[in-house]
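Notes follow once the structure below has been shown.
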Amino acid sequence: MYKQAMKILIKTLVVTVVISLMPIVISELAPEYDGFNLEAADDTKKKKTRKRVKLPSKKAQKLLQTVQPFLEEEMWDEAIEMLAIIGTDPKFTETDRARMHWYFGYIYFAQEKYDLAIVQYENLLASEGSDFKLQNQARFSLAQLAFIKEDYRKSIKYLLAWIKEEDEPSSQGYSLIATAYFQLEDFRNARTFIETAIELAESRDIPIKVIDEETGEEVETGETKKAVARENDYLLKIAVYSELKEDLDVLPIYKILAVNFPKKRYWVGLSQLYGQKDRYLDQLGALEAAHEDRLLDKQREYVALGQLLFMHQNPHKAAQVMEYGFKNDFIKDEEKTLKALAQYWHAAKELKKAKPAYEKAASKSKEGELYIFLGQVHFGLDEFSGAEKAIRAGIKKGKLKDEANAHMLLGQVLFEYQKWDEAISSFRKCIDVAEKQYSDKKEVQKKKKKKIQDQARKWITYTEGEEERVQALILKKKALGLGS
C-alpha cells in the first residue's frame, strides 16, 4: 500500500533536504546552527575540554554590528563592501579576519555562490585566528555545501569531524550523514545514522504551549511533552528500510507524521494501514481527520469515508460527507456515487433528501432497482402517485433483484389511494412472479416464495374487504343524503 507512495517521497526527499540546507538569517555576531540542541546519544561520551573563544577586536565588533542590518535585509553588496575593510586594513587581527571569512562564507552561501563560499570557509579553517567554535560552524557549512555539490563522501567527512568536536551534536548532523549515505546507496550506514538522528530528536522534552485567550499569544503551561524528529527523518527511515527490503512497522511512524505534520498522504496512508490490520474504527478516525482538515480531494477518498461511516452506523454523517464531495466537485454525478448518497440519506430517514439522489441515480441506471427504491421513498412521504410512477418505471426497466416484492410494493401503493382493482392485480402478479422467481429445489427459496405469496393472498383478501367496506360507506352516506 504505502510502497507506491514511498517511491514518490523518496524522489523528493533529497530535493527537500537540499532546500533545508539554505542558511538562515543571522542575528548574532557568531550565529548558531539551524537545528536541534540535543543531548549526545552516548551517555558515556566524555565532555571535551572547553577552549577559550577568541573574540574579535572592539574595532571589528563595531564594524560587524554595522554589517548586521545589511545581512538581515539581504543587502549583500553593501555587507561585502563593509566586510572587505577588515581584509585590507592591517589594524584588524587574525581573529577579525577569521570572522570576516565566516561572514563572506555565509553571504556567498545565501547567494548560492557555492564555490566562493567553500573557499571562504576553508580559509577560515586554515586561519590561526579562528577559534574552535567558529571552525566547527565552518565544518558544518562545508558539509552542507559538499552535499549540495553532490560530493557526499566529503560531506560525511566534514560532518564526522563536526560531531567529534561538538559537545552535544544536533540530530540534524546525523540526519544529513544518513541522507548522504542514502545517496551513496550505503543503506546500512544510512539506517544507523537516521535512527540515531530520530532517537536524539525524540529524547528531548519540549514545553507545552497554549494560546492565551486574552492576549492571543502562545504561553507555556509549565508542562512538557516528548519532541519528535523532523518530517524528512521519518521519511528517510521508511525509505532506507524499503531499500534494504527489511520489515518495518510503519504504522507508528505514520501516526507521528499525521499528527505532527498533518498532510493528506499521511492521514490517508495511516487509514489504509489501519484497514490492513482490520482496525476499522481507527481507519475511520484517520480518514475522518483528513476530511475535517479539508485534505481529501479524490472521489475514492470520499466514497471510502462514506462507506466507513455507514458501516459504523452513522448514515447521516456518511451522507453529509458525500454531499460535501459533490458540492466541491470531488465526486462526479455517477450512478454508483448518487446511489450511495441516496441510500445514506434513506438509511438516515431523510427521505426528502434521498429522493433527488435516487431520481438522478435511477435515470443513469440500466436496471430498474433504483426506481423501486425511489418508489419506497415516495411511499414513505405519502406521495402515492409518485410512488406508483417510480415503481412502474422500475418494473418496466427490469433486471430487478426481487421483482415479486416490487409488485407487492406497487399493490400496497395502489391500495393506499383506493385503486382496488389495480392493487389486487398487482398482488396476483406478485404471486405469479414469485412462482417463477423462487425455486422449490432450495429450501430457503421455497420458504421465501411461500412467505411472499401468503402475504400477497392476505393483501388480496384485505383489499377486497376494504373495497366492500368503502363502497358500503359510500352507499350509506348517499342514503343519508350526505353526498358521495
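The values are calculated or read from the model by the stated rules, or taken from the named source; none is laboratory data. The structure presented is a predicted model; accordingly, all values stated were derived computationally and were not measured. So basically every Cβ, Gly included, is an ideal-geometry build from the backbone, and we count neighbours across all protein chains shown.
For this structure, a couple of remarks:
- Scanning the stretch 68-124 for residues that are of a type in the set (A, V, I, L, M, F, W, C), closer than 18 Å to Ser141 by Cβ and surrounded by fewer than 17 Cβ atoms within 10 Å (Cβ to Cβ) yields Trp76, Ile80, Leu116, Val119.
- Residues of the stretch 276-303 satisfying the condition of being without any contact (Cβ under 8 Å) to a residue 24 or more places away in the chain and under 20 Å from Lys336 (Cβ atoms): Leu287, Arg300
- Counting the residues of the stretch 446-470 that are loosely packed, with under 13 Cβ neighbours inside 10 Å and not hydrophobic (A, V, I, L, M, F, W, C) gives 8.
- Single unsatisfied condition, Asp282 versus (1) crowded, with 17+ Cβ neighbours inside 10 Å; (2) in the same structural domain as Ser175 (by TED's automatic domain parsing); (3) farther than 30 Å from Asp333 by Cβ: (2)
- Restricting the search to helices (runs of 4 or more DSSP H) fully inside the stretch 129-206 and requiring at least 3 residues that are basic (Lys, Arg) and surrounded by fewer than 21 Cβ atoms within 10 Å (Cβ to Cβ) gives 152-165.
- Scanning the stretch 180-235 for residues that are among the acidic types (Asp, Glu) and free of Cβ contacts under 8 Å to residues at least 12 places away in the same chain gives Asp186, Asp212, Glu213, Glu214, Glu217, Glu218.
- When the criteria are applied in full, Lys364 meets the requirement of being closer than 22 Å to Lys389 by Cα and at pLDDT 95 or above.
- When Ser425, Ser439 are checked against the criterion of being hydroxyl-bearing (Ser, Thr, Tyr), assigned by TED's automatic domain parsing to the domain that holds Ala362 and either loosely packed, with under 13 Cβ neighbours inside 10 Å or not in a helix (DSSP H, G or I) (or both), a single residue qualifies: Ser439.
- Filtered residues of the stretch 292-316 (kept if farther than 18 Å from Tyr358 by Cα and over 18 Å from the mean Cα position of the chain (by Cα)): Met311, His312, Gln313, Asn314
- Looking across the stretch 59-95, just one residue is out of contact with any Ser or Thr (no Cβ under 7 Å at 6 or more places or on another chain), within 16 Å of Ser127 (Cβ to Cβ) and in a loop (DSSP other than H, G, I, E, B), and that is Pro90.
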